[in-house]
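What follows is a short report on a single structure.
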Amino acid sequence: RDVSEGRDVSAGSKDNSDFSGWRISKKKVPGIVDAAAEVAEWMRRAELGRDPEMDLVAEGIINEFHEVTGDYDGPTEELTGGAAGLPTKDATESWFVTKRPTDKDPYKIVERAEKFIEEAQALNMTYLDYVEQYVKKPVFPTVERIKPTARRLEDDVSQLVTTPHSYPVYTLMPRVPYTCCWYGLYFEIEAREQDVEIQRIYTQTGIYHEEKRDTCDVWVYTCDEGAKGYELDEEKWRIIGHEQDVRMVKVNFTLNSNPEYGRLPLDEPLVVKKGQRRGMLVFTNEPRGIVLRGKAQGSWLAGDVSDADDHLIVRAGMMPVTEDELSSDLFKTLYDPVNGGAFCGVIDYKLL
């Protein structure tokens with residue numbers, strides 16, 4: 001090690017308190033770390049922290065030091081030159097230099113274009129045709145859309161909104177999160193003290209419009225005797241609505257907003273007698289076909305009250321088919337023999 005004239009090396013190293021006489025070695029030996037130069041350089045660079053304008057520089061120096069000592073939890077950067085305790089054949093100084101990687105595509109334009117090219121090739125389309133059809137062209141649902149807080153109903157029609165969002169509509173649980181999506185759901189609609197007529201039913205889908213296939217086939221079934229206990233009894237169910245290649249209204253799982261809902265196919269109004277529990281089944285041919293409503297704690301069980309107003313009660317039900325089976329296995333299996341889901345959407349009805 002080189003030291004200034006008149007300085008006792010052994011005394012300085014034992015004392016470990018005064019390194020003012022130490023300086024960087026003039027001898028450049030690739031791969032050999034000079035401890036004295038290392039200490040002197042860190043002390044010199046630490047002086048930067050005394051200037052408030054150099055706080056960012058000081059922070060970077062501290063991070064570099066942590067990287068060397070191994071107690072830094074942040075991202076490890078590429079090292080060039082000699083690192084403390086890590087000799088390299090290209091080392092020319094006794095401290096290391098960091099080379100920060102630069103993002104050549106910070107706005108992900110190239111990444112997005114490459115994705116479009118791959119999808120265009122998969123569809124046997126040119127890139128320009130793909131962009132024109134799927135990127136530039138806006139995609140909208142093919143069903144009637146409503147916002148429960150911004151619609152005008154007929155004078156004799158009311159709406160029951162089973163929604164996890166906290167805007168001013170009557171619901172037993174004003175704000176609970178979505179849980180998941182599934183092929184479909186069994187549930188029940190019960191009339192309290194008066195006959196009611198179901199006019200329209202609306203819900204949402206988990207199929208995003210950016211996907212190659214963003215439509216699905218939708219079926220609506222009903223059972224006069226209820227849903228609980230009749231899920232696998234196909235003879236009890238009759239179809240009351242069916243539509244192919246429907247683009248439903250998609251859900252936003254993260255935004256606490258004022259959502260839209262899309263209308264389900266219903267061939268004719270559906271009567272629910274006083275005290276009757278009418279079984280309902282909404283089913284699709286896609287695993288993210290419809291959104292299921294969440295519960296604050298635990299899971300929904302068939303028959304649990306999920307929502308209600310003065311005239312209707314909506315009860316939770318089971319989820320059809322299992323994860324490994326095709327949607328054609330309807331009325332044959334259930335997703336879970338105990339736990340179910342709750343309907344998420346809007347039910348328009350009038351009193352009879």
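The values are calculated or read from the model by the stated rules, or taken from the named source; none is laboratory data. Everything quoted here is computed from the prediction, not taken from an experiment. Note that we place each Cβ from the backbone using ideal geometry, even for glycine, and neighbour counts take in every protein chain shown. Accessible surface areas use protein heavy atoms only, side chains included; no ligands, DNA or RNA. Shrake-Rupley method; radii C 1.70, N 1.55, O 1.52, S 1.80 Å.
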Checklist outcome for this item: Subset of segment 309-321, residues more than 15 Å from Ile290 (Cα to Cα) and assigned to a loop (DSSP other than H, G, I, E, B), comes to Asp309, Asp310, His311
Checklist entry - Within the set of pairs 6+ apart or on separate chains, which have a first residue in segment 93-115 that is more than 16 Å from Val131 (Cα to Cα), a second that is modelled with pLDDT of 75 or more, and C-beta atoms under 6 Å apart? => result Asp105/Glu111
Checklist entry - In segment 292-299, is there at least one residue being assigned to a strand (DSSP E or B), of a type outside the set (Phe, Trp, Tyr) and within 19 Å of Ile207 (Cα to Cα)? => result yes
Next on the checklist: I'd like to check something: does segment 173-183 contain any residue that is modelled with pLDDT under 90 and of a type in the set (S, T, N, Q)?
Outcome noted: yes
Checklist entry - Which of the residues that make up segment 120-149 are under 18 Å from Asp214 (Cβ atoms) and not in a helix (DSSP H, G or I)? => result Leu123, Met125, Lys136, Lys137, Pro138, Val139, Phe140, Pro141, Thr142, Val143, Glu144, Arg145
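Every residue, every condition in (1) open to solvent by 20 Å² or more (accessible area, probe 1.4 Å); (2) modelled with pLDDT of 90 or more; (3) more than 21 Å from Arg288 (Cα to Cα), yes or no:
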site: Thr162; (1), (2), (3): no, no, no
site: Leu185; (1), (2), (3): no, yes, no
site: Ile207; (1), (2), (3): no, no, no
site: Val218; (1), (2), (3): no, yes, no
site: Lys228; (1), (2), (3): yes, yes, yes
site: Glu243; (1), (2), (3): yes, yes, no
site: Val246; (1), (2), (3): no, yes, no
site: Lys250; (1), (2), (3): yes, no, no
